[in-house]
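What follows is one structure encoded as structure tokens, with my remarks underneath.
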């Protein structure tokens with residue numbers, strides 16, 4: 001049994017012994033429409049403001065709802081129903097043994113305002129949040145028929161989602177012009193990272209990440225390291241599992257379409273024992289038999305679920321699981337065409353007869369390439385990827401008194417990837433079959449307490465222990481003596497504290513946080529052991545990572561204006577690969593890339609903005625200026641910065657600490673409920689990002705990030721049954737590298753201009769059941785687009801049926 005699990009078990013046992021059952025209060029009432037009529041099947045959530053505790057129920061046929069066996073304290077109450085805006089009641093104070101009646105009059109045609117748990121790690125109304133935050137709820141995901149995390153959030157201001165090809169292709173999320181490893185991905189507030197990845201971030205998992213049983217996704221832009229630790233330099237993407245609750249409900253969905261796509265999904269949720277037990281579960285299977293180019297099959301199977309049990313009014317125990325298994329056939333990487341000078345060159349793909357000749361095996365020297373500057377990705381018949389990750393968590397949410405709440409969490413993240421390749425395909429290929437295996441495991445115990453010393457303050461403090469393991473192995477059919485294996489482990493201890501204050505009758509919001517993480521490394525194991533690297537090194541503790549955070553917001557009620565500002569330091573802990581990366585060959589022996597003494601990356605960032613409501617909350621506008629400076633980063637160098645004569649490992653290339661760069665820009669966002677049946681949202685982001693140490697000689701502009709991005713999304717309701725939606729994602733050109741023989745210039749790629757159309761028709765069948773027919777066309781204008789040289793899909797269409805119960 002691991003140390004982290006023993007710590008969690010001890011905390012759980014001690015809490016159950018210490019806490020008494022406590023109070024028996026209740027909240028009840030009716031959900032009403034603007035005419036005072038009952039709204040059946042509305043979803044009502046009750047949040048404890050001093051912790052993560054959330055209880056959910058469903059209004060019955062008469063619009064009535066009820067929460068029983070509540071602990072005294074302060075709560076937020078929120079109600080939502082299809083076709084209505086979210087209604088929220090703040091500062092609900094419940095005393096012991098009281099019966100509080102609250103009717104909830106929900107309205108039509110106002111911009112959504114929800115409750116967030118990501119901006120401060122405790123429930124908080126969005127209009128009180130002092131940071132830049134976007135919430136994508138399950139209703140929006142359903143309206144757009146999105147099934148991947150990347151598609152679900154791609155319309156968010158300040159985000160750049162890059163997918164290198166079609167379904168299940170490698171995917172990255174970049175926030176505000178920063179790198180992919182500067183985005184922390186969470187599941188229910190706990191980090192999801194791949195310990196076996198080069199930077200140990202979530203990028204290696206995103207191509208498999210489908211939103212199966214998701215309630216909402218919260219995207220925090222700006223540093224979040226003080227709350228969420230490593231990787232949260234640019235921001236946080238928090239995927240929140242559906243809570244379940246209320247009467248049993250669910251759906252079964254089947255769809256198919258272009259690229260040989262088939263997707264099946266089944267969901268169920270509900271509650272029992274007077275809603276003391278709440279549960280939800282979902283499974284999804286995605287199968288793409290053709291893919292982009294007709295020979296890029298992929299499949300993904302996913303299961304996600306959550307169950308909670310309220311042992312008493314003050315104690316709730318939660319178990320959560322999320323697992324994905326995938327297989328895909330890979331394309332070759334794009335290749336640079338020799339003969340072009342260093343610097344920036346236009347990205348012009350080899351196409352037509354030239355590309356056909358290259359695919360047929362004709363050497364590039366015998367092909368008329370014209371003005372082409374690179375060869376786009378092509379078919380590789382024997383290159384495959386098999387990936388798997390699963391994460392499980394046990395959570396204890398406790399509220400011993402009306403002013404004190406705390407949580408104790410245990411999470412495990414297991415990940416593995418196997419790459420196989422053979423001699424088939426164009427360009428450089430191995431002589432025989434080769435296999436590379438990567439595995440990682442991260443176990444985390446987190447304990448956090450939240451204390452309200454008064455009505456206007458909330459103090460949070462906590463401790464976190466994390467154990468991280470990375471292992472990898474490689475084998476080659478043509479050279480068994482080159483087989484190798486590595487296994488490395490590190491642990492860390494973290495303390496953090498945060499204070500939130502509300503002053504001037506709730507108009508002024510202040511928050512400040514501090515976090516310190518200390519590391520320890522274990523001796524790595526290498527096979528073959530002879531001449532293994534890092535043998536003679538004494539492993540002192542790596543440098544600690546310190547970060548802090550502060551934010552302020554002031555709300556002017558008379559004009560419905562919120563002015564906010566946020567400043568914070570961020571960090572990223574070097575991955576185990578960056579510290580101990582090495583390759584092995586029977587002829588050359590070990591080649592060392594890593595440096596165990598790497599220091600954590602550091603950054604400082606700030607943003608300031610204004611949120612304004614008009615037309616009685618029907619129109620909300622937001623603008624934000626942001627700036628981030630990467631003060632110290634981990635970079636891979638092969639340009640001569642490392643001197644093998646002075647380097648302790650004799651390296652001539654590898655990982656080292658260097659100065660970073662900066663990114664600044666502005667974000668504009670609007671949400672407009674035009675009328676009761678039409679809503680429109682849009683955003684524009686300008687980003688200027690530069691490197692202090694250029695990746696390509698004399699090119700300081702950061703790669704991948706376009707300077708201009710625009711998104712739009714509109715939903716039109718026609719009657720009570722029909723929905724029509726339109727989305728647009730357009731961006732300017734950007735720079736990227738196309739590698740060839742370990743060198744590359746910077747290629748200027750044209751930006752994406754993708755328009756999608758969707759429609760659905762819902763047919764009620766009885767009181768609780770319905771049949772929904774839907775369809776969607778993606779890239780409707782059939783843009784020919786290469787993402788960093790990888791071929792993407794033209795116009796595609798899919799459609800299907802969903803049975804709701």
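Here residue 418 and residue 390 are evaluated by their C-beta separation; at R0 = 22 Å the FRET efficiency comes out at 0.90. Simple spin-label estimate for residue 307 and residue 272 gives 0.8 nm between the two label positions (7 Å along the Cα-to-Cβ direction from each Cα).
So if I take the centroid of the Cα atoms in region 679-701 and the same for region 389-442, what is the distance between those two points in Å? Rounded to whole Å, the Cα centres lie 30 Å apart. When peptides 257-268, 300-311, 497-508, 406-417 are sorted by average Cβ neighbour count within 10 Å, with the highest value leading, the order is 406-417, 300-311, 257-268, 497-508. Spacing of the modelled spin labels on residue 299 and residue 675, each 7 Å from Cα toward Cβ, amounts to 4.9 nm.
Projected label points at residue 459 and residue 643, each 7 Å from Cα along the beta carbon direction, are separated by 5.2 nanometres. When Rg and the Kirkwood radius Rh are both evaluated on Cα atoms of region 384-463, their ratio Rg/Rh stands at 1.39. For the chain, the alpha carbon convex hull comes to 150 Å³ per residue, rounded to a whole number.
Just report the Cα centroid separation between region 58-94 and region 596-651, whole Å. Comparing the Cα centres of region 58-94 and region 596-651, I get a distance of 40 Å. Each of the peptides 422-435, 694-707 was scored by the mean count of other Cβ atoms within 10 Å over its residues; in descending order, highest first, they stand as 694-707, 422-435.
How far is helix 3-18 tilted, in degrees, relative to the longest principal axis of the Cα atoms in the chain, given as a value from 0 to 90 rounded to the nearest 10? That helix lies at roughly 10 degrees to the long axis. From most to least packed by mean Cβ count within 10 Å, the peptides 344-355, 597-608, 569-580 give 569-580, 597-608, 344-355.
Estimated from the Cβ-Cβ distance and a Förster radius of 22 angstrom, the FRET efficiency linking residue 668 and residue 89 is about 0.10. Each Cα pair under 8 Å and six or more residues apart adds its separation to the average, and for the chain the resulting relative contact order is 11 percent. The gain in end-to-end length when the residue 435 to residue 714 segment is fully stretched comes to 95.8 nm, 0.36 nm per residue minus the alpha carbon separation. Rounded to the nearest Å, what's the spacing between the alpha carbon centres of region 751-775 and region 160-232? Just the number, please. Taking the Cα centre of each part, region 751-775 and region 160-232 sit 28 Å apart. Volume per residue for region 183-319 equals 136 cubic angstrom (convex hull of Cα atoms). Think of it as helices only: each DSSP H run of n ≥ 4 in the chain is worth -39500 (n - 2.57), and spread over all residues that comes to -1500 deg cm²/dmol at 222 nm. Here region 368-387 is scanned for amide nitrogen atoms under 15 Å from the site 7 Å beyond the Cα of residue 342 along Cα-to-Cβ, giving none. Legend: Rg and Dmax of region 343-476, from Cα coordinates, 26.8, 79 Å.
Laboratory data are not the source of any read-out in this text; all were calculated from the coordinates shown. This is a predicted model, so every value here is computed, not measured. Positions of Cβ are backbone-derived with ideal geometry, glycine not excepted, and every protein chain shown enters the neighbour counts.
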